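The values are calculated or read from the model by the stated rules, or taken from the named source; none is laboratory data. All of these numbers come straight from a predicted model, not from anything done at the bench. No Cβ is skipped: glycine too gets one built from the backbone with ideal geometry, and neighbour counts run over all protein chains shown.
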Amino acid sequence: MSISKHDGLGAVSLPGETHICNFILVMDYLINTVEDVDLLVDEGIIVNNLGDNAAIAKMLNNLFLQITSNRSDSYNISKKLKEHYDNRWNHTMATFKTVYFSDIWTGTATVAAVILLVLTLIQTVFSIMS
């Protein structure tokens, strides 16, 4: 086991294993703003003992600046997570699900409205054709 110190960041790691750095990399991908920290704290994913979510966001975003990432499994997962997050289609689908299918009644009303719209469109086309 080796202990290294780099710009005030202490890290304990086994040779070839960088679990702490990989964890910080994942957290850096997840946390960009205070709202990200708020969400993670509200869902119980992280525990904030500092009291200020802005301090957590700033700390994690600045902490990664001191770390060089290696190509481990955690790095690959983090990379895929970031690619998934950056995909606009995923944002659109998440918004669609949240707004139009948040519960069974909203989803049913959305499907009924789409069916009604399609039937109205078909009726209009047949009216114009005849």
(request) Determine the pairs where a residue that is part of a loop (DSSP other than H, G, I, E, B), located within the stretch 101-130, has a partner that is of a type outside the set (A, V, I, L, M, F, W, C) and modelled with pLDDT under 95 with Cβ atoms under 7 Å apart, the partner being 6 or more residues away or on another chain. (result) 101/107; 101/110
(message) Conditions first: (1) farther than 22 Å from residue 76 by Cα; (2) at pLDDT 85 or above. Residue 51 passes all but one, so which condition is the exception?
(response) (2)
(request) Go through 20, 77, 24 for me and flag whichever is modelled with pLDDT under 85, in a helix (DSSP H, G or I) and under 14 Å from the mean Cα position of the chain (by Cα). (result) 77
